[in-house]
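Participant: Quick one: structure below, then a few questions.
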Amino acid sequence: MKKIPYKIYLTEEQIPTKWYNLRADMKEKPAPMLNPQTGKPASLNDLYPVFCEELAKQELDDNTAYIDIPEEIREFYKIYRPSPLIRAYNLEKALDTPAKIYYKFEGNNTSGSHKLNSAVAQAYYAKKQGLKGVTTETGAGQWGTALSEACAYYNLDVIVYMVKCSYEQKPFRRAIIETFDGKVYPSPSNTTNAGRKILEKKPNTTGSLGCAISEAVEKAVTTEGYRYVLGSVLNQVLLHQSVIGLESKKAMEMIDEYPDIIIGCAGGGSNLGGLIAPFMKDKLTGAANPRIIAVEPASCPSLTRGKFAYDFCDTGKITPLAKMYTLGSEFLPSANHAGGLRYHGMSPVLSKLYHDGYMEAVSVEQTKVFEAAVLFAKHETILPAPESAHAIRTAIDEAIKLKESGEEKTILFGLTGTGYFDMIAYDSYLNKTMTDYIPTDEDLKKGFDLLPNINM
Ligand SMILES: *Cc1c(COP(=O)(O)O)cnc(C)c1O
């Protein structure tokens, strides 16, 4: 039998021509977003002041299974896609496992992550609508980088609210955003009411994603010709990220493989939602039954310990309400948390699938995550982002279980990006100052107590 190569590449022509919208095959749809003022499902007219028109339509479209990828976007995709599917022969050998391990590597572009897949689409639609610019937030910095790259290409202005602790810890991320002409503010800032309010209450706060979202939304709706864009959580983002899964499935078909276990890290759920999309379709339609595992940090455990409830997507409580697994919009992971994936909620699509039993979720502690990252780097020669290393951790754990049971199963996991801007975190792991913190039930209760009271 011919040995499967290390890297399975598609051709440029094989880049998908349509995104796949998983919601179309869900018999029970995710609960609708609600307008916070009226408590009624958000309509297109509610969304237009905030989002670009085409993106608002994609957000609310639960029924169109395949949506054309405009040729201009495919042309941009061709600059850095298709991304490789890689057989982790060396990791398999190191683990002495009978499992076959594949990973889809999305870190091969300047943003260093899968986020560019959606940034390109969002910038394109904003430009097509004739807008002047977009605003957004960024946590670890990958989304801000991806968006500024995409906006530079389409000649669109971009204002990025960067969570203050990242702004201070990752000056080089900020410099990349500025290289692409993005304007960056540390959040909370004094450029918005939401930011000023938080600074008044907590002058020493290091910021949060929820707060940065509030600022970015406010800036967008109060600036002529601007809209707000978001790099995760939303249905439209999962839609764009389906290129990851569609390419993975096609590449696996070329080598006669199909994954028994699919693993992805989950912050807001966009890479996982994209990776699993075509495989979840098989599961929903009964064509196949792979196990699907979401991996989250033990310090920010929205799926494994959160509540499935309507909540705000931001701290300022100005965004529509989404029904999702959430820790409460004011939840902040403890300060020692280094590994990204710090959002309080989760994609409503994934939340619904998890609630209905189509997916599993596990949480892992950060020292274990970095242990996996270092092992992976040595054997596969890619320095993974801490976020991605959550998926690596669980892939390794599953591969070790398969060694014990002697089963030759196939694992596919998403390697979402590279970790060059996370060396402070790597350093603290290597010099053993990194600690783990798992919130107590008491800690979590504070977040749950502030959930809006909506029974739907
Ligand atoms: C943003 C990011 C994530 C988490 O976001 P999701 O929307 O959950 O995919 C994971 N990995 C990397 C490298 C990221 O930049």
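The values are calculated or read from the model by the stated rules, or taken from the named source; none is laboratory data. Quantities reported herein were computed from a predicted structural model and do not represent experimental measurements. Glycine also receives a Cβ, built like all others from the backbone with ideal geometry; neighbour counts cover every protein chain displayed. Protein only, heavy atoms only, side chains kept; ligands, DNA and RNA dropped before computing areas. Shrake-Rupley method; radii C 1.70, N 1.55, O 1.52, S 1.80 Å.
Participant: Considering only the range 134-142, I want to know if a residue exists there that is open to solvent by less than 50 Å² (accessible area, probe 1.4 Å), modelled with pLDDT under 95, part of a helix (DSSP H, G or I) and within 12 Å of the ligand (Cβ to nearest atom).
Facilitator: Checked the range 134-142: at least one residue is open to solvent by less than 50 Å² (accessible area, probe 1.4 Å), modelled with pLDDT under 95, part of a helix (DSSP H, G or I) and within 12 Å of the ligand (Cβ to nearest atom).
Participant: Any idea which of T206, T191 is modelled with pLDDT under 95, open to solvent by 40 Å² or more (accessible area, probe 1.4 Å), under 28 Å from F331 (Cβ atoms) and more than 16 Å from the ligand (Cβ to nearest atom)?
Facilitator: T206
Participant: Among the numbered conditions (1) touching a residue at least 12 places away in the same chain (Cβ under 8 Å); (2) in a helix (DSSP H, G or I); (3) over 22 Å from the mean Cα position of the chain (by Cα), tell me where L131 comes up short.
Facilitator: For L131, the failing item is (2).
Participant: Regarding the range 290-303, can at least one residue be identified that is over 30 Å from M434 (Cα atoms), surrounded by fewer than 22 Cβ atoms within 10 Å (Cβ to Cβ) and more than 18 Å from the chain's Cα centre (by Cα)?
Facilitator: Yes, the range 290-303 has at least one match.
Participant: Please go through (1) out of contact with any strand residue (DSSP E or B) (no Cβ under 9 Å at 6 or more places or on another chain); (2) away from the ligand (no atom under 16 Å from the Cβ); (3) not charged (D, E, K, R) for Y89 and return the number of the only condition it doesn't satisfy.
Facilitator: (1)
Participant: Quick test for you: out of A389, A361, pick the one residue that is within 30 Å of R174 (Cα to Cα) and not β-branched (V, I, T).
Facilitator: A389
Participant: So if I check each of T110, T64, which one is within 16 Å of the ligand (Cβ to nearest atom) and open to solvent by 40 Å² or more (accessible area, probe 1.4 Å)?
Facilitator: T110
Participant: Since F76 meets every condition but one in (1) within 16 Å of A251 (Cα to Cα); (2) crowded, with 20+ Cβ neighbours inside 10 Å, which condition does it not meet?
Facilitator: F76 satisfies every listed condition except (1).
Participant: For the range 326-359: of the residues being under 18 Å from the mean Cα position of the chain (by Cα) and more than 24 Å from D443 (Cβ to Cβ), which is surrounded by the fewest Cβ atoms within 10 Å (Cβ to Cβ)?
Facilitator: K352
Participant: I've got another one for you. Quickly run through the range 227-245 and pick out the residues that are of a type outside the set (D, E, K, R), more than 14 Å from the ligand (Cβ to nearest atom) and either under 14 Å from the mean Cα position of the chain (by Cα) or open to solvent by 20 Å² or more (accessible area, probe 1.4 Å) (or both).
Facilitator: None; the set is empty.
Participant: Looking at the range 100-128, which of the residues that are outside any helix (DSSP H, G or I) and hydrophobic (A, V, I, L, M, F, W, C) is nearest to Q236 (Cα to Cα)?
Facilitator: It comes out as F105.
Participant: For residues that are open to solvent by 40 Å² or more (accessible area, probe 1.4 Å) and assigned to a loop (DSSP other than H, G, I, E, B), scanning just the range 40-61, find the one that is nearest to T222 (Cα to Cα).
Facilitator: P49
Participant: For the range 360-375, enumerate the residues that are surrounded by 20 or more Cβ atoms within 10 Å (Cβ to Cβ) and either among the hydrophobic types (A, V, I, L, M, F, W, C) or away from the ligand (no atom under 16 Å from the Cβ) (or both).
Facilitator: Correct list: A361, V364, V369, F370, A372, A373.
Participant: Considering only the range 251-277, how many residues are near the ligand (Cβ under 8 Å from one of its atoms), of a type in the set (A, V, I, L, M, F, W, C) and in a helix (DSSP H, G or I)?
Facilitator: Number of matching residues: 1.
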